[in-house]
Amino acid sequence: MRVGLVCPYSLTIPGGVQGQVMGLARSLRRMGVEARVLAPCDGPPPDESVTPLGNSLPTAANGSIAPLAPDPPAQLRTIRVLRDEHFDVLHLHEPLAPGPTNTAAIMKSAPLLGTFHRAGYSTAYHYLRSIAQLVANRLDYRCAVSEDARRLVQERLGGHYELVFNGVELHAPSLERIETSQPTIFFVGRHEPRKGLSILLDALQYLPDDVRMWVGGDGPETEALKAQSRGDARVEWLGRISDAEKHARMRGADVFCAPSLFGESFGVVLLEAMAAQTPIVASGLDAYAIVARPGKDALLSEPGDAAALAASLKRVLFDKDTARSLVASGLDRAQQFSMDTLASRYVEIYHDLAAHRRVRTPKRSSHEPHPQEGMCQEGI
């Protein structure tokens, strides 16, 4: 079977959807599926399975800047590739995002599966509802990665959506552990208001002087955030880092912190930290609480409360029993969200779509966890 995974975001710029698409493609290929990724790339594609569709254009979306490719040359490349490749199924991630996924849906050269990632507010749903509805109606089957994502699209466009989970690669290749000699917090993400890095910098002022912090990523707030830390030598600004370095620093850090304030649909980065056996402190967003069970897999604090965030960080950094308990529970939790398990469900859907049959949701066997514990669930 030949499956085309279409991603609207540039694969050479780090992002949650991009990571999910590439990880899914790797799992599918291990299962014998000929999976090819079609996406914008601002530079050399990340591996030989990727067909680049051109450069991206920074586009404001969901409180962030998304690297989309809505320009005509990218759409012409998409059309050409779809005509040449003869895919059995096309899997569109964020089908309503401007660019290749929209084009693939309208062209419809093969049965279409759409996976919706976005939660919170969407300009496309609000202002371009007729166009969004047209694209959604082209899909043969629809999935959503979280209850928040499903609620958003269902309220705006109607229809039925299978609730799936994002996956984590439990044995992803990466660099050796990057060691640190002092208590170290690791943050990675785009430097923009919704990610809450300014709250974490404020929280650092409540922590002992020997605590250090690694800050990965960049964005529109980088310079303002550096100014906020007032040249604090405890903060090491890493800039944009590779996935391999991200995982190596996760394993080396004493705690991973995700202080996001809003706009998260699923805590993939929390799963990555769990798989790296690193204790987690995060804000208590609904999307995070579904992935990391409060007090069991992570310590969650009120979003935007620097003092509460600092208290949770201090507990993990200096209470070894708490840290060990979070790591043990988190590793078990990550197993429930294996990318290979997610890929297996998608393969079932691909085969049913390719055969032009109604998609069937397999019965849950007694050894599988409840859907709320990380497995798939059919939309109603």
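Mind scanning K226/K320; K226/K246; K246/K314 and naming the pairs with a C-alpha gap bigger than 27 Å?
K226/K320
Using 0.36 nm per residue, how much length does the chain from E302 to N137 gain when fully extended, once their Cα-Cα distance is taken away?
55.5 nm
Could you tell me the distance between the Cα centroids of the range 264-285 and the range 5-24, to the nearest Å?
What the calculation gives is 18 Å, centre to centre.
Filter the trypsin sites (Lys or Arg not before Pro) in the range 240-302 down to the DSSP loop ones having no more than 11 other Cβ atoms within 10 Å, then list what survives.
The qualifying sites: there are none.
Using the alpha-carbon atoms, what tilt in degrees (0 to 90, nearest 10) does helix 320-336 show relative to the longest principal axis of the chain?
For helix 320-336, the angle is close to 0 degrees.
Enumerate by residue number the trypsin sites (Lys or Arg not before Pro) in the range 64-114 meeting two conditions: DSSP loop (anything except H, G, I, E, B), and at most 15 other Cβ atoms within 10 Å of the site's Cβ.
On the way: sites: R77, R80, R83, K108; in loops: K108.
Answer in residue order: K108.
Within the range 241-265, name every residue whose backbone N is under 20 Å away from a label modeled 7 Å from Cα of R324 along the Cβ vector.
Residues 251-256 fall inside that zone.
When only Cα pairs under 8 Å and 6 or more residues apart are kept, what is the percent relative contact order across the chain?
About 15 percent, as a whole number.
Go from 0 up to the bin containing the longest alpha carbon distance in the range 199-287, width 5 Å each, and give me the % of pairs per bin.
3, 12, 22, 25, 24, 13, 2
How high is the FRET efficiency between Q277 and N55 when r is their beta carbon distance and R₀ equals 35 Å, given to the nearest 0.05?
Approximately 0.40, to the nearest 0.05.
With the crude spin-label approximation of a point 7 Å out along Cα→Cβ, what separation in nm comes out for R29 versus E348?
About 2.6 nm, to one decimal.
Give me, ordered by chain and number, the residues 5 or more places off A66 or on other chains with an amide H under 5 Å from its own placed amide H.
Amide H neighbours of A66, under 5 Å, 5+ apart: T59, A60, A61.
At 0.36 nm per residue, and after removing the present C-alpha to C-alpha distance, how many nm does the segment from D210 to H171 gain when stretched out fully?
So the chain would gain 10.8 nm between D210 and H171.
Skipping prolines and chain starts, which residues have an amide H placed within reach, meaning under 5 Å, of the one on S338, given they are 5 or more residues away or on another chain?
The answer is V168.
Where in the chain lies the longest segment free of chymotrypsin sites (Phe, Trp or Tyr not before Pro) that are both loop residues by DSSP (not H, G, I, E, B) and have at most 16 other Cβ atoms within 10 Å?
Between exposed loop sites, the widest span is 207-380.
Sorted from largest down, give the three principal axis spans of the alpha carbons of the range 19-112, whole angstrom values.
Ordered largest first, the range 19-112 gives principal extents of 37, 26, 24 Å.
Please calculate how many Å² of accessible area the chain carries per residue, with a 1.4 Å probe and no DNA, RNA or ligand atoms counted.
Roughly 43 Å² per residue, with all protein chains present.
Ignoring ligands, DNA and RNA, please state the percent of accessible area on the chain from carbon and sulfur, probe 1.4 Å.
C and S atoms contribute 51 percent here.
Please label the shape of the range 15-58 as rounded, prolate or oblate, based on the square roots a ≥ b ≥ c of the eigenvalues of the alpha-carbon gyration tensor (a/c under 1.5 means rounded; beyond that, a/b larger than b/c means prolate, else oblate). Working shown, then result.
On the way: a/c = 2.86, a/b = 1.77, b/c = 1.61.
Prolate, because a/c is 1.5 or more and a/b exceeds b/c.
Choose one answer from E245, E155, E264: the residue with the largest mean-square fluctuation in a GNM of the chain with alpha-carbon springs under 10 Å.
Judging by the Gaussian network model, the answer is E155.
Where a ≥ b ≥ c are the square roots of the eigenvalues of the C-alpha gyration tensor, would you call the range 99-231 rounded, which needs a/c under 1.5, or, failing that, prolate if a/b is larger than b/c, or oblate?
prolate
Residue separation times 0.36 nm, minus the C-alpha to C-alpha distance between R194 and R129: what's the value?
In short, 20.9 nm is gained.
Please give the net charge around N55, taking every other residue with its beta carbon less than 10 angstrom from that of N55, where Lys and Arg add +1 and Asp and Glu add -1.
Surrounding charge for N55 is -2.
Taking each pair of distinct Cα atoms in the chain once, what is the resulting Kirkwood hydrodynamic radius in Å? Intermediate values should be presented prior to the final figure.
Working: mean 1/r = 0.0471 Å⁻¹.
In the chain this quantity evaluates to 21.2 Å.
In whole Hz and in residue order, list the ³J(HN,Hα) couplings for the range 207-217 that follow from phi through the Karplus curve 6.51 cos²θ - 1.76 cosθ + 1.60, θ = phi - 60°; x for Gly and Pro.
Values, residue by residue: 9, x, 5, 8, 7, 10, 9, 9, 10, x, x Hz.
The values are calculated or read from the model by the stated rules, or taken from the named source; none is laboratory data. Remember, it's a predicted structure, so these values are computed and weren't measured experimentally. Quick reminder, even Gly has a Cβ in these numbers, built from the backbone with ideal geometry, and neighbours come from all protein chains shown. Please note that ligands, DNA and RNA were not included when accessible areas were found on the heavy atoms of the full protein model with its side chains. Shrake-Rupley method; radii C 1.70, N 1.55, O 1.52, S 1.80 Å.
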